[in-house]
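Structure first, then comments.
Derivation of every value follows stated rules applied to the coordinates shown; laboratory data play no part. What you see is a predicted model, and the numbers here were worked out from it, not measured in a lab. Virtual Cβ from ideal backbone geometry, glycine too; neighbours counted across all protein chains shown.
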Amino acid sequence: MRARLTLESGDCIPPSLDLSPNGQPVTLGRSRDNTIVLRDELASRLHAKIYFEDGRWHVRDFGLNGTRVDTARVNGSAALQDGQRVKIGEVALKFVLEPKSSLAGLPAAGTPSPAAPQTMRMPPNMVENPHKATKVVEMPGERMARTPEPDPSDKQLRVDELTALCKFMSAAVEARTPHDLVNSALRAILNQTTARIAGYLSFDPDDPGPKIVMPESAAIDVPLSRRLTAQAQKQGKTIWLFPALSASHPPTDSLSAFADAVCVPLKGENGPFATLHVYRTGRAFAERDVKFIEAVAGHLSHGLSILRARRTLEAENSRLRTHTPAADDIIGSSNAIMHLRQQIIKAAPQPFTVLVQGESGSGKELVALGLHRNGKRADGPMVVVNCAAIAPTLLDAELFGYKKGAFSGADRDHPGLFQQADEGTLFLDEVGELSLESQSKLLRAIEGKAFRPVGGTSDIKVDVRIVAATHRDLEKDVRAGRFRQDLLFRLRVIELRVPALREHPEDIPELAAYFLAKVSAQCRRNFRLTHAALNKLQGHAWPGNVRQLRAAIESAAVMSESDAIDADAFHLVGSAQEPSAAPAAAVPPALMDTPPSLNIDEIEEWAICKAMRQTGGNVSHAAKLLNMSRDTLHNKLKKLKEKGIDRATLTSTPAPLVASEPAPV
């Protein structure tokens, strides 16, 4: 029972088609893979199918917006009668049953002819229309048309879409925060595609703004489809809802109120990190709409990466400009410094707050920098705040920022230090100097991680790791009522202590060499320290720690007339241990940093002392280093004790650098 479909209203390609019971089922939809391509925005990519079964022609509906036979909506499938009209959106196709004789010799729909390409009868007006994507083939006595070809104009952005894309790219350059950039992208998509809802959804659970929904009038609790999000994250490509998910689209899904949806993954260096959701009501998206959304998403993902890199560079530049230059790494190989490095490596990957305690000048900021660079936020900014320099009246504006017009002189929006450190680390140096009022405000920000800028109308949430540092005894300040106990508990989740320089004097030669190399490069000279100078540096108590050591070396180098800097070039005061420091001549030869002579016995004594100091007095380990038995080492230690060098002296006395004649380092 042959039949024919003929276009009566709307637009489709081809406008008529012969149906054969022995041919393939005929598909109708917006996709160009269908037998009949419907040019209607209410049509799904695969909207309906017409097939022959049990001696009758049937139509089955797959579209979200439904298919009608005359005025009745198809519920699943329906049988077709002669003269009925199949309606999809604005497209109406008349179904006509024809006698076998009228269609004799014509190929069945979907079946190629052996003598010519698959063809079908076309009205004369189709030949003269240059805008239809249909190729016309001249045949003897009649005009025939074959399968339609894609229209290139549907795959290219129009002038208005290119203009909207350029405007978004220009606005993206001016965006200062990720939130502003995402909002700009969502507004551009809403304006151009006339979508109902546009949303941003981050995969990172620590993202301060994991979900942003536009327009502003939309409810913040508008659900963004988890089904589309999971599929876009897994496949790493755009998911256009219909017909890809229409067959499994449950009526209770969050998209049941929308006609179409697009979900685009935002990709970074390590794969997708977020998705853009765009939903429309009333009609489906056109291919140009999807291409515009993909173009905006591509620029948005790149812009977010650039914005993070820019904020990181700005924070690093600010840190270097406003703070005393320091070494980028913690220098030293003593047990105390090695233990500190191990603690930093353990604490760095954790998201918890860290409290760094130590004397002024001991290197607390370097510890904070090590925590930042070895953690998961190394790509984010590190913002350094000197709490002692912030007046209590300005704390809100400095930490939390302010809006334009919030007070006299606020001529623009200013992001606070918390916002500047978003996705990075905020280092609160000398946190013990904050007033009690300031401590209360800081505690609220750390606890809730949400705050409101001065003059703002809504809260801002940021993703910041807090590292605090102090030289004060906060436990004592809590007992005295100068520091909040609840803030101390919140800051001291992980506690690190930086040892004072006098606790690891064996690192002074390495530190001195580093600082001397720096000043030599700056002064274009080749400074060097004599052994007497190094011995004097190791004998000092250094109340100002590493900062004082650096200043002393720079001062001595600049004022020295010779490249060899001797002990008399250092004028060191303020050491409580200096009067009792042993002079160089009183140090036993066995405790010198180098063998006092080439005498075999003195070299052996020197090696034993060196091994005992290196192992912390562990006889078994020292014996292994010396390649001798434990009993032999015990006998030799007894002989050293008779000379006044006992085990306590070996493990507690640092190795001063003494030589009979000055030598360069």
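Here are the numbers:
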quantity	calculated
Rel. contact order, % - alpha carbon contacts under 8 angstrom, at least six apart, the range 411-496	37 percent
Rg(Cα)/(2.2 N^0.38 Å) for the range 380-464, N = residue count	1.03
Residue 560 paired with residue 81, simple spin-label distance in nm, labels 7 Å along Cα-to-beta-carbon	11.1 nm
Packing-based ranking, highest mean first, of 493-499, 357-363, 612-618 given that Cβ atoms within 10 Å are counted	357-363, 493-499, 612-618
Over 20 Å between alpha carbons, listed pairs 211/404; 610/641; 49/237; 610/643; 49/87; 536/638	211/404; 49/237; 536/638
Peptide ranges 378-391, 629-642, 165-178 listed from the most packed, as the mean C-beta count within 10 angstrom indicates	378-391, 165-178, 629-642
Those lysines that a straight Cα-Cα span of less than 19 Å connects to residue 167, excepting residues fewer than 8 apart in one chain	291
Whole-number percent relative contact order across the range 488-570, with pairs defined as alpha carbons under 8 Å at least 6 apart	37 percent
Most to least packed among 501-511, 47-57, 256-266 [average Cβ atoms within 10 Å]	256-266, 501-511, 47-57
Eligible lysines near residue 476 by straight Cα distance, threshold 25 Å, same-chain separation 8 or greater	364, 441
